[in-house]
1. Out of (1) surrounded by fewer than 24 Cβ atoms within 10 Å (Cβ to Cβ); (2) facing chain B (nearest Cβ under 9 Å); (3) within 21 Å of the chain's Cα centre (by Cα); (4) modelled with pLDDT of 85 or more, the odd one out for residue A:153 is which?
2. Search the stretch B:48-61 for residues being touching a residue at least 24 places away in the same chain (Cβ under 8 Å) and touching a helix residue (DSSP H, G or I) at 6+ places or on another chain (Cβ under 7 Å), and hand back the single one that is nearest to the other protein chains (Cβ to nearest Cβ).
3. Is it the case that residue A:145 is within 7 Å of chain B (Cβ to nearest Cβ) and under 19 Å from the mean Cα position of the chain (by Cα)?
4. Which residues, taken from the stretch A:396-411, are under 20 Å from residue A:306 (Cα atoms) and within 23 Å of the chain's Cα centre (by Cα)?
5. Pick out the one residue from A:433, A:416, A:345 that is surrounded by fewer than 22 Cβ atoms within 10 Å (Cβ to Cβ) and outside any loop (DSSP other than H, G, I, E, B).
6. Within the stretch A:161-196, track down each residue that is more than 24 Å from the chain's Cα centre (by Cα), surrounded by fewer than 24 Cβ atoms within 10 Å (Cβ to Cβ) and more than 9 Å from every other protein chain (Cβ to nearest Cβ).
7. Filter the stretch B:95-116 for residues that are at pLDDT 65 or above and in a helix (DSSP H, G or I) and give the result.
8. Is one or more of the residues making up the stretch A:109-116 away from every other protein chain (no Cβ under 13 Å), farther than 20 Å from residue A:253 by Cβ and surrounded by 24 or more Cβ atoms within 10 Å (Cβ to Cβ)?
């Protein structure tokens, strides 16, 4: 059944080509996109089932010997994040089809939204399935280049300015990553992860640490870990609502996934434990303080996105099956919850024409449905029981307490404080947007009472958009019910990841066939 | 592995020039910096390949025989570099288009301090500065209106 492994990538690339040809026929484009993304969801679900029941699935593209050819592996970790991501991409595509105005109105010569979106999905799939570092780099480049186009779609001033920051930072991180790949190859003579796991252990510790640092910096930028996270809240809010939603759900988590792979599979997790703990702490605290300071709903949500990356870094830094399992569970929860929040913000903006906390008010009376759709994922994010955010945080705290070292205890305290501050941030946003104030009038004491493009004359969101948002909200709420099975899959994923020997057995036969420089 | 001084020096020089250009405020200079720096990194990949040698094409008409395959150049990093060059090409094209667009919008392709800082201040000053936050939201709205 290993033929299924490259299927998500193939489907997306094929869909990308077909939608490009169908540039003048928006309806056909939508049909192709939705079909392809549904196919990717199905393939990912089967892959996850296979990975759980039969162990990791492996394929070497083109029949080249392993080590020379391009290897793709779907173990439990890959398949789990792949399934979550493909669900999110499908939901967001439904949302943007409902919105119906993402550049596919025929006014542009070639409608690029659908092809670019599918290329982005292909890049995400490649990155999750890649079995060697260089292929991971290619996956990153595919998704990043697509994201440049999606972010600057339409070319308005705000998006071009935000895009300039985003593109430059991403290019810098890619160059650091490529440098890392070159250095790893120079040191070990291979880039296949299965091979690297053994050979890096044989390197002098100083060299191994240097390699690990270079790669961590590259992935840290992509994952928006604190000192390297400044680009995210400056760029995501400028994007169109569905684009911001899919970025928030997927792109940073691809970085987190890469950190899990590299930090825990290839290198000794204990070497840089303290550094990663410090980064996790700073990401948690600085991110959430930034969220509290915001007066714009989108920027507030973007800062909570950065902050909660810290939880996953905490789990990764703990190392060990419990920590990594908690991080993986948290990543799945975080993909869904952030996408849900960004989609709801999109609904609010669609209705009112603004996301400013000072201008919005009283939406609960106007659109009770949107209010509920905001409240559920927001409480989930803050970690109120019995939502999945609570389960994820609980798993992290238990792993941290079981670890018992002082740095783990510091992070446990920081995680709880961040959870409370998240609750404060979302309560503040909730009361400003949904409860207080008069409809369509600015609420701040120093604000002139000037009517904005108000809720009353805004167009209610289309039913499809609401349905897509509801779908993601239901999925993330249902995670609480599936918490037990999901956590056991996550533990299996962590064991897959940590057990380099097992990984090596699956990918197998790399050493004897690999090209020795 | 036998790193040569010339290659290493070239890598160092190109990356240094690239980093210097990357720190510029002009987006076109940043794009040039990316080009120079990625050339440096590509050379690093070549240097990682080890000593030069005949092409690793085996068999009749090939550059090397089966037995002295060890003398052939390592083909894998060459494949990496080819891929990286193609990626850099695409990204450079996009970067140039972006800096052109920025130049049209701003009369110069200068990347100012992040917009949101100004936006936050604009927010703090309320509706008195509609050209920032308000214009951003309206611009986004107009774009979503598909009136491009």
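The values are calculated or read from the model by the stated rules, or taken from the named source; none is laboratory data. Computed from a predicted structure; not experimentally measured. Cβ coordinates were reconstructed from backbone atoms using ideal geometry, including for glycine residues, and neighbour counts include every protein chain displayed.
1. (4)
2. B:48
3. Values: within 7 Å of chain B (Cβ to nearest Cβ): yes; under 19 Å from the mean Cα position of the chain (by Cα): yes.
Yes, satisfied.
4. Listed by number, the residues that qualify are A:396, A:397, A:411.
5. Details: A:433 fails: surrounded by fewer than 22 Cβ atoms within 10 Å (Cβ to Cβ); A:345 fails: surrounded by fewer than 22 Cβ atoms within 10 Å (Cβ to Cβ).
Selected residue: A:416, the only one of A:433, A:416, A:345 that is surrounded by fewer than 22 Cβ atoms within 10 Å (Cβ to Cβ) and outside any loop (DSSP other than H, G, I, E, B).
6. Hits for the stretch A:161-196 are A:188, A:195.
7. Hits for the stretch B:95-116 are B:95, B:96, B:97, B:98, B:99, B:100, B:101, B:102, B:103, B:104, B:105, B:106.
8. yes
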